[in-house]
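The values are calculated or read from the model by the stated rules, or taken from the named source; none is laboratory data. Because the structure is a prediction, the values reported are computed rather than measured. Positions of Cβ are backbone-derived with ideal geometry, glycine not excepted, and every protein chain shown enters the neighbour counts. Heavy atoms of the whole protein, side chains included, go into the accessibility calculation; ligands, DNA and RNA do not. Shrake-Rupley method; radii C 1.70, N 1.55, O 1.52, S 1.80 Å.
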Amino acid sequence: KHWLLGRRADGCSVTQSDTQLTCSHSLAFRMSAELRGVSPTTALWDGYQTAAQKRARMINMGLHVFYPELQGSGRVFSRSFRQVTLKIFGTDEQIIFPCQTCTKVDDVKQAIASALMVDVENLRFIVKQGCSTRQLLNNDEMRSLVTVRGISSFKVAAHKWPHPTAVIGAGYHGLKTAMMYLKSGNSDIVVFDRNSQVGGYCWITAANKGSRLQTEFGAFHVWWGHDVMQGKCGYPDASWDTWPGKQQILEHFQIAAEEYGVLPHVRFNCNVQGITVVGDKKNDKIFSGNDRYYDLAVADITARGSGSAPSATSAETSVVSCSVLYSYPGSMTKNRIVDYPGEEAFDGHIGYGMNDDAPYESFPGNNVAILGNGAFAVENARTCIEMGASKVFIVTRRKNLASPRIPCWFVHQGPVPTPGALVLRMFEPMYNSCGMGDPWQFWSVNASTDRQRVQIIQSSRFGIGDVTFLAVAVGKVEFVVDTLKRCTKHTLHLEGGRKLENVRVLLKTLGLLGDFEVDRMHKMDEVVGFYCAGDWRRPIFLDATGMNAANFTTFSTGIGTTGYVRLNKYLFDHPKEFLQMEKDGVLSGLPRNQAKEKDDRPAYVYDVNHTNSTFVIMNSMCPRAAELSSNDPQYKYGMYHVVHPLDKTLRECRESWDQYQETWKQQGWDAEHVPYPYTREMIKGYFAEYNQLTGMAIQPDGPRKEDILQVQSETQQQQQHQSKIGSLPPWAADERVIASAEAQSKAEATRWWKDQCPAVLESGAAKARSHH
């Protein structure tokens, strides 16, 4: 009867009387082609897939599926599905989701309470019964239409703290934090900064006038992230340089601050001098209102002008209370001071290569020596060459790996991390053509004998750019593996016996140190994970030192900062999540970084291993926060090929390469032309290897425009899904993922049902053992 109800072959509606002819063979031949086309096998498979997706929705919601093997010999539990509508009392807001007929009220209550982070004891489920209503008991089976009392919405409400959220620092990290808070609708935030504009110490003070972003702008821009884009701050357009200079970077910070409405929330020209913890951090009763907060002693200071460090403090000091405190002290701000014998006789300029302390007017025709080989040393080498230096010596104890532009671009467009072995193979053409040696033989490389696996460990990040390689190839830059012993007039005497002569400028880029004043301000001697002295409401973050990786997601700060703010903002919006994590021992599992005064290393200066371990532990213990970054791979791949398509990027690299050589030729530097070592065919081969190693299927020209639009649409849907209980999760589109989720949930489901109905399940277990 159900099979035939529909339309007859002659187009007329099938009536109830028609079903009386089901025994007639002639009617079978009068069925429409459409009805005959649905085979029983197809119908069975469709039913199986539908049931699997319903179970997936239950699992994702936190409900416990009753599996066939749990059925005992006593009472029969119905595993058929029903559609449940939950409606909030007094409103039109409702959610619809599937559950099994045997699903208990208590199971749904617990799932709703967990999703909304409310007390389950406050929930009451009401059903209509005849002319009246009754409250369902926890052990009752769910009904199809239920009214819920005890909550006002099915959307998760962010926790309202009694005091504002404070942010120390309006550089990249602080600005990003304020942007994400304001975009989410939380305007109860205040930012403190010593400068008179956004941008932070790195770009306002430390950067030279010739400083340039080493990575592509697409990996760095402060509105990086599918959930951060807004208005003018979408995919960066063609008005932005691929590798912008200092002024354009500061301009982009200002545009973001204006677009997101950050400026009214920033107190410029001030300094947070002290922090007083009010209350006991060990007794974190987050809902008491005045359980614990922080009093900040804030002093107004006088700035020396745009781009300059602030001067002395004034007498004006105020106290600002906050419930949450983000600290962004900067990526170490003090130069490592090393004095060498004979500096007074050098008779040239000695500086640190920061804040335009080098005499650029004296560069043309003279030699420059740079001590050190970190990313900042490489950046200074480029600046010196562009300013007309005749030759640059980079004096270093050992040569660090540096990255050409094309491998950097490749890593940033890849949706999943690029294997380190492929990164080194992408280095090879540049290293080989410029006489930089075999990248696999550098001290920081730990590789398998077949060069299929590699771990790169070094104390500084990659210096990124092509010009240093080119300058080495034509003789304008020389790496000198040695250390400085002493100085005489315009001469550097090295420990190995060599003398570097006619050197008029010496830049000591020997690294930067942290400031112990930050530790003292927080009254701490260790950082636990991201948290000052283990206080989860005082996260502290900086660009971690060093490198230790076998796979590479980024060479820039955009991705890491976005993930950091997402994680901590989620926990502050939903503090019960962290309190549960704390009960589960998260703080005991997080890495600890203790202050080491003998090594000039404050507690807040932690390395990349500390950062990576903290992210892994926190995201594994808080999967809801980790889910916020689930669309980053698609966003990363799509955005990059729109902003920095391969052909445009390759053309710009080649044009810059050739322009440097033309400029040097005009300056009288006689050297044979060096062709750019990368071609499109070569890069196409990198894509093929990447796909083979990672299982991806990306293309040199990126995704199609319609695919990008589809990803953006799916991203919006997922963002809606994250606040919609009972909806179909994105992972339910993959049968293998559903099967994996069911396998992982069975143990918990068995335990839960055993607690509910022990006699029935024990009978079922005995039956299963007997059958086995």
Taking into account only those residues within segment 506-526 that are over 15 Å from ILE168 (Cβ atoms) and of a type in the set (A, V, I, L, M), which is surrounded by the fewest Cβ atoms within 10 Å (Cβ to Cβ)?
-> LEU513
Flag if ILE126 is open to solvent by less than 50 Å² (accessible area, probe 1.4 Å) and part of a strand (DSSP E or B) | yes
Looking only at segment 641-652, decide whether some residue is in contact with a Pro (Cβ under 7 Å, 6 or more places away or on another chain), surrounded by 15 or more Cβ atoms within 10 Å (Cβ to Cβ) and closer than 27 Å to GLY475 by Cα.
-> no
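Residue-by-condition table, conditions (1) at pLDDT below 95; (2) assigned to a loop (DSSP other than H, G, I, E, B); (3) of a type in the set (S, T, N, Q):
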| site | (1), (2), (3) |
| --- | --- |
| ALA178 | no, no, no |
| VAL190 | no, no, no |
| TRP203 | yes, no, no |
| GLY210 | yes, yes, no |
| GLN214 | yes, yes, yes |
| TRP224 | no, yes, no |
| ASP227 | yes, yes, no |
Here the residues within segment 659-712 that are within 18 Å of LYS476 (Cα to Cα), part of a helix (DSSP H, G or I) and without any contact (Cβ under 8 Å) to a residue 60 or more places away in the chain are GLN659, GLU662, THR663, LYS665, GLN666
Checklist (1) loosely packed, with under 15 Cβ neighbours inside 10 Å; (2) in contact with a His (Cβ under 7 Å, 6 or more places away or on another chain) applied to MET117, failing item = (1)
The residue from SER588, SER556 that alone is modelled with pLDDT under 95 and not in a helix (DSSP H, G or I) is SER556
Among the candidates LEU136, LEU63, single out the residue that is farther than 26 Å from VAL737 by Cβ, crowded, with 19+ Cβ neighbours inside 10 Å and of a type outside the set (Asp, Glu).
-> LEU136
Considering only segment 527-551, state which residues are open to solvent by less than 10 Å² (accessible area, probe 1.4 Å) and not in a loop (DSSP other than H, G, I, E, B).
-> VAL527, VAL528, TYR531, CYS532, PRO539, ILE540
Condition check for LEU693: under 28 Å from the mean Cα position of the chain (by Cα), modelled with pLDDT of 85 or more and under 30 Å from VAL411 (Cβ atoms) | yes
Within segment 66-78, considering residues that are touching a residue at least 60 places away in the same chain (Cβ under 8 Å) and among the small types (Gly, Ala, Ser), the one surrounded by the fewest Cβ atoms within 10 Å (Cβ to Cβ) = SER73
Top-ranked residue of segment 145-195 - restricted to ones that are open to solvent by 60 Å² or more (accessible area, probe 1.4 Å) and among the hydroxyl-bearing types (Ser, Thr, Tyr), ranked as farthest from GLY225 (Cα to Cα) | SER152
Listed residues GLY437, GLY420; which is closer than 18 Å to MET682 by Cα, out of contact with any Gly (no Cβ under 9 Å at 6 or more places or on another chain) and among the small types (Gly, Ala, Ser)?
-> GLY420
